[in-house]
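S.K.: Provided herewith is a single structure, encoded as structure tokens, for subsequent inquiry.
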Amino acid sequence: MKKTILFTFIVAGLILGGCSSSNSQPKLKDMSEIEKLTKEQFAEETAAINVHVVQEMGKLLDKHSKIDANFEKDIDALHKSSVRQMVEYGKVLDKKDEKTRVDYVMASLTASWDAMDKLGTEVTEGFEAKFDARLPELEAYGVNNLERKFDDLFAIMNFLDFERIKEERPESAKEFGIK
């Protein structure tokens with residue numbers, strides 16, 4: 001059952017996360033910089049964060065021959081930096097009216113889907129296969145904190161919607177100061 005749920009998160013994360021041709025995560029911007037972005041720029045940047053997360057998770061699975069404390073430390077660093085970045089974009093949306101928030105989130109999701117199409121199934125299916133192969137090892141390692149961080153990373157776009165995060169991931173909302 002856990003494997004099915006985790007696989008669902010993976011697929012949803014890849015679909016929602018998408019990918020782009022950019023391999024670099026944008027530099028963390030503060031709210032005043034993000035507020036100046038057009039909707040299209042906002043969408044491209046949030047999609048780039050999402051792409052970075054998926055690519056980095058794949059690299060970490062390649063880097064670590066076993067799931068252990070060192071792997072957890074690297075996932076923790078990726079989680080902390082990536083979620084913190086997405087939360088900054090979410091803070092900007094949190095100040096906007098509901099219609100605008102929904103419009104920006106939809107634009108971000110669309111940008112992610114477009115980037116996924118450009119990347120191709122070879123890369124995304126490769127990641128899925130890599131993750132599926134390591135899933136028994138991840139489950140055997142059995143640290144709930146690691147599972148929570150993977151869940152956050154697979155659903156990183158959700159950090160644009162603070163109400164959703166507070167409801168679905170209260171521990172993560174608290175960790176990142178989402179009120």
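S.K.: Inside the stretch 90-149, can you point out the residues that are modelled with pLDDT under 90 and of a type in the set (Ser, Thr, Tyr)?
M.R.: Correct list: Ser112, Thr121, Thr124.
S.K.: Take residues that are within 18 Å of the chain's Cα centre (by Cα) and within 18 Å of Met31 (Cβ to Cβ) and tell me which of the helices (runs of 4 or more DSSP H) falling wholly in the stretch 74-171 contain 3 or more. Walk me through it before giving the result.
M.R.: Details: elements: 98-119, 121-141, 144-154, 162-168.
Per the criteria, 98-119.
S.K.: Taking the stretch 76-102 as the search range and keeping residues that are out of contact with any Phe, Trp or Tyr (no Cβ under 9 Å at 6 or more places or on another chain) and of a type in the set (Asp, Glu), which one is surrounded by the most Cβ atoms within 10 Å (Cβ to Cβ)?
M.R.: In this case the residue turns out to be Glu88.
S.K.: Are any residues in the stretch 37-76 of a type in the set (A, V, I, L, M) and either in contact with a Ser or Thr (Cβ under 7 Å, 6 or more places away or on another chain) or touching a residue at least 60 places away in the same chain (Cβ under 8 Å) (or both), and if so, which ones?
M.R.: Ala43, Ala47, Ala48, Ile49, Val51, Val53, Val54, Met57, Leu61, Ile67, Ile75, listed by residue number.
S.K.: Within the stretch 18-59, take every residue that is hydrophobic (A, V, I, L, M, F, W, C) and open to solvent by 20 Å² or more (accessible area, probe 1.4 Å) and give me the one that is modelled with the highest pLDDT.
M.R.: Looking at residues that are hydrophobic (A, V, I, L, M, F, W, C) and open to solvent by 20 Å² or more (accessible area, probe 1.4 Å), I get Leu37.
S.K.: How about the stretch 133-164: which of its residues are open to solvent by 30 Å² or more (accessible area, probe 1.4 Å) and in contact with a helix residue (DSSP H, G or I) (Cβ under 7 Å, 6 or more places away or on another chain)?
M.R.: Hits for the stretch 133-164 are Arg134, Glu139, Val143, Arg148, Asp161, Arg164.
S.K.: Filter the stretch 108-128 for residues that are hydrophobic (A, V, I, L, M, F, W, C) and open to solvent by 60 Å² or more (accessible area, probe 1.4 Å) and give the result.
M.R.: Trp113, Val123
The values are calculated or read from the model by the stated rules, or taken from the named source; none is laboratory data. Model, not experiment: these values are computed from the prediction. Because the Cβ atoms are built from the backbone with ideal geometry, glycine has one as well, and the counts that use them run over all protein chains shown. Areas reflect the complete protein model, heavy atoms only, side chains present, ligands, DNA and RNA absent. Shrake-Rupley method; radii C 1.70, N 1.55, O 1.52, S 1.80 Å.
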